[in-house]
Every structure is written in structure tokens, then in C-alpha cells.
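> Below you will find the structure I want to go over with you.
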Amino acid sequence: MAKWTPRHEAPEPLEGPVVATITGGTILWFVLFLVQLPFYGWFDDHGHTWWVWTCLAGGGLGLIGIWYVRRRDAAIKRSASGAAATPAHPAGQAPPAG
């Protein structure tokens, strides 16, 4: 098992337009669902109705993802503005009086 243990630290996560990416993916899932809906009979005849429902599930989970990343983004911005508003002090030292 030791040979499968990583020997270096994991890289930092990439940050980007997360909200836009999740929103775009969610829209894509719903569009795929709507495009396949008129052909439901064909999918049913060939045993592929799971394709239609997978797209709907992807869109639904995407809505949860949008909610999640918007709250995460807001929390990151709140944290950054809070850190900028309070000066940093070395550990164990009180802020200067006055």
C-alpha cells in the first residue's frame, strides 16, 4: 500500500467563474431534456428513457449546485471583506490601544 501513497502535496484548487460555469451546465442539462422530450416515444421503444430522465436529474441537481456556489461565493466575499476591515495582529498580541 505504501507505493500508492502520494509523495507530494495536492495542488491548490483552481478558482474561476464557478457560478457561471454551474449555471451554464444547468442550462445545458435542461436544454438537452427539452430537446429529447419530443422523441420520448423513440427512447421508450428502444429502452433509452433513462437518457431523458438523466438530463432532467442533471438540471435539478444543477439548481442545487447554483444555490450552493452562490452561497459559497457570497461567504468567500464576506470573509475577504471582513479580513480587509480588521488589521492582522501577531498571535498572542493585543491590538494597539488608541
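Throughout, read-outs are computed from the coordinates displayed, never taken from laboratory work. The structure presented is a predicted model; accordingly, all values stated were derived computationally and were not measured. Glycine gets a Cβ as well: all are built from the backbone with ideal geometry, and neighbour counts include every protein chain shown.
> Please give the contour-minus-distance gain from VAL31 to ARG70: 0.36 nm per residue of separation, less the Cα-Cα distance, rounded to one decimal in nm.
11.9 nm
> Pick out, from VAL35, ALA75, THR54, the residue whose Cα sits farthest towards the positive end of the charge dipole of the range 16-79, with +1 on the Cβ of Lys and Arg and -1 on the Cβ of Asp and Glu.
ALA75
> Averaging sequence separations of C-alpha pairs under 8 Å and six or more residues apart, then dividing by the length of the range 16-79, give the relative contact order as a whole percent.
49 percent.
> Treat every Asp and Glu Cβ in the range 16-79 as -1 and every Lys and Arg Cβ as +1, leave all other atoms uncharged, and give the resulting dipole magnitude about the Cα centre to the nearest 20 debye.
620
> Can you work out the Karplus-derived ³J(HN,Hα) for every residue in the range 48-59? Use 6.51 cos²θ - 1.76 cosθ + 1.60 with θ = phi - 60°, whole Hz, and x for glycine or proline.
10, 5, 4, 4, 5, 6, 5, 5, 5, 5, x, x
> Using only the alpha-carbon atoms of the range 16-79 as identical scatterers, what base-10 log of I(q)/I(0) does the Debye formula give at q = 0.15, 0.17, 0.23, 0.25 Å⁻¹?
Taken in order of the listed q values, log10 I(q)/I(0) reads -0.53, -0.61, -0.86, -0.94.
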